[in-house]
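See below for the structure under consideration.
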Amino acid sequence: MSEVHTERSGQRRATLRDRIGRGLDRREFLRTVAGGGYALGMAHWIGVDDFLAAGDGEVPVVTALVRDDPADPWSIRERTERVPAAWYAAVEKALEINDLLSRVGFTGYLGSAVVPGDFDSGTATVSVGVSSEGHSVNELLGELAEGVEIDVETFIDVDDIGDDSEASEPRLGYPGTDGRVPSGVACETPTSLATLGPALYHPDGERRFFVTADHAFDGIEGSTEESLSLPIGGDDAAELGTVARHHPVADVATVEPTGGIEPTNRIDAPSSPRVRGQFTKFGLATLVARDAELEKVGAMTGHTVGKIQGIDAVTCFTDDFCRRGQLRWGGEMDLTDGDSGSVSYHRDPEGGPDDVLIAGFNNARTWWPGQSYVWGVGAYRLTETHGYHF
């Protein structure tokens, strides 16, 4: 697809979004589609059929990828929900502004995130972090930010602030009678300890992986020692597998099972929740609109609960590159060394009592004054960029 075609498609989508935000009804929607040059064959891409089924003032969005059969990870399908059109338009515009800020990469930019408002307000905020030498964000955006609140916070040099985490004993896991081990327990590389995530799947060959934080393999990437094991007490450990792929930007490593233990979709929480799928970007936005909470189980801090603080976040605090598609939630006390690789999740609103959907990974936390949250790549971002799903 040419750059010109891409640009024009983006302009048409923006026009459609703006008109939806002004209360576009179904008849006007079809006229806009036809007048904007959309082909009827693109109906699925823009959700025409779903739109026509919605009431005036509503638009459908895909909120989750969910298994029809909980035992079959390849029975995944999209779940849609109807949301207020004005709210959708505000969130979509905030997402576009957030993306623009990350791509411009102006001096002093440290990161940003989208904070959707509730459904009744029909608003959204872009939260932007800048250093003291940063440009004026509002001057940079000008009229582009009309209708979206821009919340700018200035930080001192975060590299000079210490990280005062305290050590504790890790939560150990043991294979069940089915040869599987739940997520949320400790796992070990030859040099580090992390938390084991739920089974992660890839459609290429219908493969199933163990998963944890990629930074747990720092210093041994590319060596013959890239193995993952399950500590089970004392110096004893059970082999889980060897690294299949490193994804350093997402900070995720997938591990091919090579021993007698297989990954599972159960989480080691009191209710033993079962992973049935994952939230999309707009699925996370609807959780924020409902003031919902996420949960996580880490090998060190165990089970914690907290509110979402930002979606589709960009984080430039660490490394020499920015991480996109990040999820901010909870507080910095919800994560400590050894919790990396854990996942955040929320109850499946349409599933059974123990079904949950994954929001994202937990791989870092704030360590500077003024903000307090955990962050990691959103599950939807991992699907978009690498094809994996829960």
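The values are calculated or read from the model by the stated rules, or taken from the named source; none is laboratory data. Since we're looking at a predicted model, the values are computed, not measured. Reconstructed Cβ throughout: ideal geometry from the backbone, glycine too, with neighbour counts over all protein chains shown. When the accessible area is computed, the model is the full protein with side chains, heavy atoms only, and any ligands, DNA or RNA have been set aside. Shrake-Rupley method; radii C 1.70, N 1.55, O 1.52, S 1.80 Å.
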Any pair with Cβ under 7 angstrom, 6 or more apart, that starts in segment 277-306 at a residue that is modelled with pLDDT under 95 and ends at one that is surrounded by 21 or more Cβ atoms within 10 Å (Cβ to Cβ) and part of a strand (DSSP E or B): none
I'm checking my understanding of the structure. Among residues of segment 264-320 that are within 24 Å of Gly129 (Cβ to Cβ) and among the basic types (Lys, Arg), which one is least open to solvent (accessible area, probe 1.4 Å)? Lys296
Residue selected from segment 139-170 under the condition open to solvent by 90 Å² or more (accessible area, probe 1.4 Å) and not in a loop (DSSP other than H, G, I, E, B), by the criterion modelled with the lowest pLDDT: Asp160
Scan segment 199-241 residue by residue and report those that are in contact with a Phe, Trp or Tyr (Cβ under 6 Å, 6 or more places away or on another chain), surrounded by 22 or more Cβ atoms within 10 Å (Cβ to Cβ) and touching a residue at least 60 places away in the same chain (Cβ under 8 Å). Leu200
Taking interchain pairs and intrachain pairs at least six residues apart, which have beta carbon atoms under 6 angstrom, with the first residue in segment 136-163 and within 16 Å of Thr123 (Cβ to Cβ) and the second assigned to a loop (DSSP other than H, G, I, E, B) and modelled with pLDDT of 70 or more? none
Among (1) modelled with pLDDT under 95; (2) open to solvent by 60 Å² or more (accessible area, probe 1.4 Å); (3) closer than 24 Å to Arg365 by Cα, Thr258 falls short only on (3)
For segment 96-119, name all the residues that are out of contact with any helix residue (DSSP H, G or I) (no Cβ under 6 Å at 6 or more places or on another chain), at pLDDT 95 or above and surrounded by fewer than 24 Cβ atoms within 10 Å (Cβ to Cβ). Val115, Gly117
Given the conditions (1) at pLDDT 90 or above; (2) open to solvent by less than 60 Å² (accessible area, probe 1.4 Å); (3) in contact with a Pro (Cβ under 9 Å, 6 or more places away or on another chain); (4) under 30 Å from Leu357 (Cβ atoms), report the number of the one that Gly173 does not fulfil. (1)
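Please determine whether any residue of segment 337-359 is open to solvent by 30 Å² or more (accessible area, probe 1.4 Å) and farther than 30 Å from Asp72 by Cα. Walk me through how you get there before you give the answer.
First pass over segment 337-359, keeping only residues open to solvent by 30 Å² or more (accessible area, probe 1.4 Å): 337, 346-347, 349-350, 353-354.
Among the residues that remain, those that are also farther than 30 Å from Asp72 by Cα are: 337.
Yes.
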